[in-house]
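Here is the structure we will look at.
The values are calculated or read from the model by the stated rules, or taken from the named source; none is laboratory data. These figures come from a predicted structure and were not determined experimentally. Every residue, glycine as well, gets a Cβ built from its backbone with ideal geometry; the counts of neighbours run over all protein chains shown.
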Amino acid sequence: MLVCDVMMGVEGEDSEEKIPRAFIMRVDDFNRESEAIFSEFEAIKEKYKRGEDVMADLKQFRSKRPGIFTLIDDLYHKEVEFEDKLERAQIDEDKRQKMLEFKQRFAELADEIDLLVLGELGLER
(Lines give C-alpha, C1' and ligand atoms only; values in the text may rest on other atoms or scores of the structure.)
Protein backbone atom coordinates (compact mmCIF):
# COMPACT_ATOMS: atom_id res chain seq x y z
CA MET A 1 0.00 0.00 0.00
CA LEU A 2 0.98 3.64 -0.33
CA VAL A 3 3.33 4.97 2.32
CA CYS A 4 3.19 8.74 2.54
CA ASP A 5 5.64 9.28 5.37
CA VAL A 6 8.10 10.13 2.61
CA MET A 7 6.92 13.72 2.90
CA MET A 8 9.57 14.24 5.54
CA GLY A 9 12.26 13.88 2.89
CA VAL A 10 15.09 11.43 2.62
CA GLU A 11 16.70 10.55 5.93
CA GLY A 12 19.74 12.59 6.75
CA GLU A 13 18.83 15.47 4.43
CA ASP A 14 17.80 18.87 5.64
CA SER A 15 15.36 19.51 2.84
CA GLU A 16 12.67 22.06 3.45
CA GLU A 17 10.77 21.10 0.32
CA LYS A 18 8.50 18.16 1.00
CA ILE A 19 7.22 15.64 -1.51
CA PRO A 20 3.49 16.30 -1.86
CA ARG A 21 1.31 13.32 -1.06
CA ALA A 22 -0.59 14.05 -4.30
CA PHE A 23 2.60 13.43 -6.32
CA ILE A 24 3.07 9.99 -4.80
CA MET A 25 -0.59 9.17 -5.36
CA ARG A 26 -0.36 10.27 -9.02
CA VAL A 27 2.66 8.05 -9.58
CA ASP A 28 0.73 5.13 -8.07
CA ASP A 29 -2.34 5.94 -10.19
CA PHE A 30 -0.20 6.16 -13.32
CA ASN A 31 1.32 2.77 -12.61
CA ARG A 32 -2.02 1.16 -11.78
CA GLU A 33 -3.78 2.62 -14.84
CA SER A 34 -0.79 2.40 -17.20
CA GLU A 35 -2.38 -0.06 -19.62
CA ALA A 36 -5.37 2.23 -20.25
CA ILE A 37 -3.14 5.33 -20.35
CA PHE A 38 -0.79 3.76 -22.91
CA SER A 39 -3.78 2.68 -25.00
CA GLU A 40 -5.29 6.18 -25.00
CA PHE A 41 -1.98 7.80 -25.90
CA GLU A 42 -1.34 5.24 -28.62
CA ALA A 43 -4.60 6.32 -30.29
CA ILE A 44 -3.64 9.99 -29.90
CA LYS A 45 -0.19 9.31 -31.34
CA GLU A 46 -1.68 7.55 -34.37
CA LYS A 47 -3.92 10.56 -35.07
CA TYR A 48 -0.90 12.85 -34.68
CA LYS A 49 1.12 10.77 -37.14
CA ARG A 50 -1.70 11.13 -39.69
CA GLY A 51 -1.43 14.90 -39.32
CA GLU A 52 -4.68 15.29 -37.42
CA ASP A 53 -5.17 17.83 -34.64
CA VAL A 54 -4.93 16.09 -31.27
CA MET A 55 -5.66 19.02 -28.95
CA ALA A 56 -9.26 17.90 -28.32
CA ASP A 57 -8.03 14.40 -27.45
CA LEU A 58 -5.41 15.75 -25.05
CA LYS A 59 -7.99 18.04 -23.44
CA GLN A 60 -10.36 15.10 -23.04
CA PHE A 61 -7.63 13.02 -21.41
CA ARG A 62 -6.77 15.91 -19.11
CA SER A 63 -10.41 16.35 -18.09
CA LYS A 64 -10.74 12.63 -17.28
CA ARG A 65 -7.37 12.30 -15.51
CA PRO A 66 -6.12 15.77 -14.52
CA GLY A 67 -3.56 14.54 -12.00
CA ILE A 68 -2.05 12.04 -14.40
CA PHE A 69 -1.98 14.66 -17.17
CA THR A 70 -0.03 16.96 -14.87
CA LEU A 71 2.36 14.12 -14.07
CA ILE A 72 2.88 13.48 -17.81
CA ASP A 73 3.46 17.19 -18.47
CA ASP A 74 6.03 17.29 -15.67
CA LEU A 75 7.67 14.14 -17.03
CA TYR A 76 8.43 15.99 -20.28
CA HIS A 77 8.79 19.60 -19.21
CA LYS A 78 10.15 19.57 -15.65
CA GLU A 79 12.58 16.68 -15.99
CA VAL A 80 15.14 17.64 -13.35
CA GLU A 81 12.54 18.52 -10.72
CA PHE A 82 10.54 15.38 -11.62
CA GLU A 83 13.56 13.08 -11.25
CA ASP A 84 14.42 14.75 -7.96
CA LYS A 85 10.91 14.11 -6.62
CA LEU A 86 11.06 10.47 -7.72
CA GLU A 87 14.38 10.07 -5.94
CA ARG A 88 13.36 11.80 -2.72
CA ALA A 89 10.03 9.93 -2.60
CA GLN A 90 11.92 6.66 -3.10
CA ILE A 91 9.64 5.59 -5.96
CA ASP A 92 10.15 1.93 -6.94
CA GLU A 93 12.31 1.23 -9.97
CA ASP A 94 9.48 -0.59 -11.79
CA LYS A 95 7.28 2.51 -11.54
CA ARG A 96 10.13 4.69 -12.79
CA GLN A 97 10.68 2.35 -15.71
CA LYS A 98 6.99 2.49 -16.64
CA MET A 99 7.14 6.29 -16.73
CA LEU A 100 10.38 6.22 -18.74
CA GLU A 101 8.77 3.83 -21.21
CA PHE A 102 5.85 6.25 -21.58
CA LYS A 103 8.18 9.20 -22.02
CA GLN A 104 10.15 7.50 -24.78
CA ARG A 105 7.17 5.94 -26.54
CA PHE A 106 5.14 9.15 -26.76
CA ALA A 107 7.94 11.74 -26.99
CA GLU A 108 6.60 13.12 -30.26
CA LEU A 109 3.52 14.35 -28.36
CA ALA A 110 5.57 16.40 -25.86
CA ASP A 111 5.26 19.62 -27.89
CA GLU A 112 1.51 19.17 -28.25
CA ILE A 113 1.17 18.69 -24.51
CA ASP A 114 3.29 21.81 -23.97
CA LEU A 115 1.17 23.83 -26.41
CA LEU A 116 -2.00 22.78 -24.62
CA VAL A 117 -0.64 23.78 -21.21
CA LEU A 118 0.82 27.05 -22.47
CA GLY A 119 -2.38 27.84 -24.37
CA GLU A 120 -4.43 27.34 -21.22
CA LEU A 121 -2.10 29.70 -19.38
CA GLY A 122 -2.33 32.25 -22.19
CA LEU A 123 1.38 31.86 -22.99
CA GLU A 124 1.22 30.35 -26.45
CA ARG A 125 4.45 30.44 -28.40
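Among the residues of the range 57-66, are any more than 15 Å from the chain's Cα centre (by Cα) and under 14 Å from Phe38 (Cα atoms)?
yes
Residue under question is Ala56, and the condition is that it be without any contact (Cβ under 8 Å) to a residue 12 or more places away in the chain, among the aliphatic types (A, V, I, L, M), more than 15 Å from Asp114 (Cβ to Cβ) and assigned to a helix (DSSP H, G or I); does it hold?
yes
Within the range 84-96, can you find the residues that are on the phi > 0 side of the Ramachandran plot and assigned to a helix (DSSP H, G or I)?
Within the range 84-96, the first condition is being on the phi > 0 side of the Ramachandran plot, and the residues that meet it are 90.
Within the range 84-96, no residue meets the criteria.
Considering only the range 84-114, state which residues are modelled with pLDDT of 90 or more, of a type in the set (S, T, N, Q) and under 14 Å from Asp28 (Cα atoms).
Gln97
Checking the structure you have, find out if any residue of the range 71-83 is modelled with pLDDT of 95 or more and either polar (S, T, N, Q) or not in a helix (DSSP H, G or I) (or both).
The answer is no, given that none of the residues of the range 71-83 is modelled with pLDDT of 95 or more and either polar (S, T, N, Q) or not in a helix (DSSP H, G or I) (or both).
Tell me which of these Leu123 doesn't satisfy, since it passes every other one: (1) in a helix (DSSP H, G or I); (2) at pLDDT below 95.
(1)
Out of the residues in the range 52-70 that are surrounded by 11 or more Cβ atoms within 10 Å (Cβ to Cβ) and among the polar types (S, T, N, Q), state the one that is modelled with the lowest pLDDT.
Thr70
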